[in-house]
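J.: Structure provided below as structure tokens; questions to follow.
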Amino acid sequence: MLLSWMVLKVRFQATHICGVLLCIAGGGGLVAVDSFANPSQDTAPRQWQGDIMTIGGAALYGVSNVAQEVTVRSHGMVEFLGMIGLFGSFINGVQFAILEHHEVRGIDFSSYHIDLLLVSFVLCQFALYSSMPVVIKYTSATSVNLSILSTNFYVLLFGLLLFKYQFHVLYFVAFAVIVVGLIIYSVRPTATSFETCENEETADRRTTTKQTEEKEKLLDKQVLGDERTQQGDSNPESSNPESIQGEAEGALCGGR
């Protein structure tokens, strides 16, 4: 939210701030419920490092989403998907070669269960990153990050149906708080500097088009007036009332 305000010049209102605070409270409530409902006697030896890395990863993910919004709004969705596919493949390939090649060697790819899971994961990632720029274009990076908090519902759903987990009742309360916060945030749309510039350019184009149409109408009227004037100058007798009356009398005499 802070990055959107600094980089994209998003104009947040009181409803947006209230919705964000509710979502943060709901997310904190989920963490608190997990610690209260499942107390563990064993503590990690470097727990504070894990907390710092978690906060850092969340912050960098927010930076990534704001950068995505800037790219989508300034360069378009097609260029964003092309660049993320190109550089993402290179970066992930280097990361795989350095950090994960030992783990991959131990995987038994002869089992179709593993192959099916890998293919499903790739398809899900493809759908996610293909739909992400569309969602960001029509909403915002802040709205996307807040919506990700609601993914805990699927953890709850699969935990109840597949693994038969028992969840504390406060878990449902925290999830409801997140949903309410997201609804409050989405009541009013946010305006960015890109949208303001687009609206100004659209208004300028409409004004220019209207002025051009008015000029064309004036030119058509002037041309039509000049043609009528030239016709009147080429036939002066036809425009003289006396000559017209004389022609009419002559026609009557001839008829007699």
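J.: What is the fewest-to-most order of Val104, Val177 by other Cβ atoms lying within 10 Å of their Cβ? Walk me through the numbers on the way to the answer.
T.: Values: Val104 9, Val177 20.
Placing the least packed residue first, the sequence is Val104, Val177.
J.: Still on this structure: List Cys124, Cys18, Cys23 from most exposed to least, where exposure is judged by having the fewest other Cβ atoms within 10 Å. Can you show the working numbers first?
T.: Working: Cys124 10, Cys18 14, Cys23 25.
Lowest count first: Cys124, Cys18, Cys23.
J.: Follow-up question, since we're still on this one. According to a simple spin-label model (label point 7 Å from Cα along Cα-to-Cβ), what is the distance in nm between Lys137 and Thr208?
T.: The modelled label-to-label distance comes out at 2.3 nm.
J.: Sorting Ser110, Ser150, Ser130, Ser140 on the 10 Å Cβ count, fewest up front, what's the list?
T.: On the way: Ser110 7, Ser150 15, Ser130 12, Ser140 26.
Sorted ascending by nearby Cβ count, the order is Ser110, Ser130, Ser150, Ser140.
J.: Is the shape of region 69-151 best called rounded, prolate or oblate, per the rule: a/c under 1.5 gives rounded, else a/b larger than b/c gives prolate, else oblate, with a ≥ b ≥ c the square roots of the Cα gyration tensor eigenvalues?
T.: On the way: a/c = 2.55, a/b = 1.79, b/c = 1.42.
Because a/c hits 1.5 or more and a/b exceeds b/c, region 69-151 counts as prolate.
Read-outs: derived from the displayed coordinates by stated rules, not from any lab. What you are looking at is a predicted structure, and each value in this text was computed from that prediction instead of being measured. So basically every Cβ, Gly included, is an ideal-geometry build from the backbone, and we count neighbours across all protein chains shown.
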